[in-house]
Amino acid sequence: MSKISLENMEFYAFHGVLEHEKQIGNTYLVSIVMDIDTAKAGKSDDLEDTLNYQLVYDVVKKEMNIPSKLIEHVGQRITDTLFESFSQINELTVRLSKLNPPLGAKVEKVTIELFKCR
């Protein structure tokens with residue numbers, strides 16, 4: 001087994017409970033770690049024998065473009081969609097961070113981490 005990671009994909013999106021979050025938006029970081037079998041691709045050097053991470057990025061981008069109140073909801077959608085779309089994924093970790101959350105104090109980010117396995 002191997003791990004493929006897409007780290008700190010940056011998106012500008014409109015998630016949040018507060019009205020100004022929905023209108024102004026914020027910057028989010030998404031990191032994905034996928035446990036998959038890469039043995040065949042390691043020998044063949046053929047994209048068809050592994051997981052095309054461009055397609056993974058496309059799923060994350062699509063889900064990030066759907067406004068939600070909670071990052072928990074966005075993270076769950078990303079996790080579920082990736083798991084349903086790519087049977088090669090045996091284990092999946094999704095980290096979603098909201099930069100500079102409006103908490104009334106300086107906070108770098110708030111992060112949710114989700115894990116799923118077959």
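Points worth noting:
- Shown for Lys106, Lys61: other C-beta atoms within 10 Å of each C-beta, ranked fewest to most, produce the order Lys106, Lys61.
- Remark: for residue pairs Lys43/Lys109; Lys61/Lys109; Lys40/Lys109, the C-alpha separation exceeds 30 Å in Lys43/Lys109; Lys40/Lys109.
- Computed from phi, the 3J(HN,Hα) profile of the stretch 45-52 under the Karplus parametrisation 6.51, -1.76, 1.60 (θ = phi - 60°) reads 6, 10, 4, 5, 9, 9, 9, 6 Hz, with x in place of Gly and Pro.
- Put a plus charge on the Cβ of each Lys and Arg, a minus charge on the Cβ of each Asp and Glu, and nothing anywhere else: the dipole of the chain about its Cα centre is then about 400 debye.
- Taken one residue at a time, the phi angles of the stretch 63-72 give Karplus couplings (6.51, -1.76, 1.60, θ = phi - 60°) of 5, 5, 7, 9, x, 9, 6, 10, 5, 4 Hz. Gly and Pro are set to x.
- Selection from Val110, Ala39, Asn90, by position along the positive dipole direction of the stretch 2-117 (Cβ): Val110
- For the stretch 109-118, the Karplus equation 6.51 cos²θ - 1.76 cosθ + 1.60, evaluated at θ = phi - 60°, returns couplings of 6, 10, 10, 10, 10, 10, 10, 8, 9, 7 Hz by residue, with Gly and Pro reported as x.
- Ordering 28-38, 108-118 by mean Cβ neighbour count within 10 Å, with the highest value first, yields 28-38, 108-118.
- Note on the chain: GNM, Cα springs under 10 Å; of Ile78, Ile89, Ile24, the largest mean-square fluctuation is that of Ile24.
Read-outs throughout are calculated quantities, based only on the coordinates presented, and are distinct from any laboratory measurement. Note that the structure is predicted; figures quoted are calculated from it, not measured. Glycine gets a Cβ as well: all are built from the backbone with ideal geometry, and neighbour counts include every protein chain shown.
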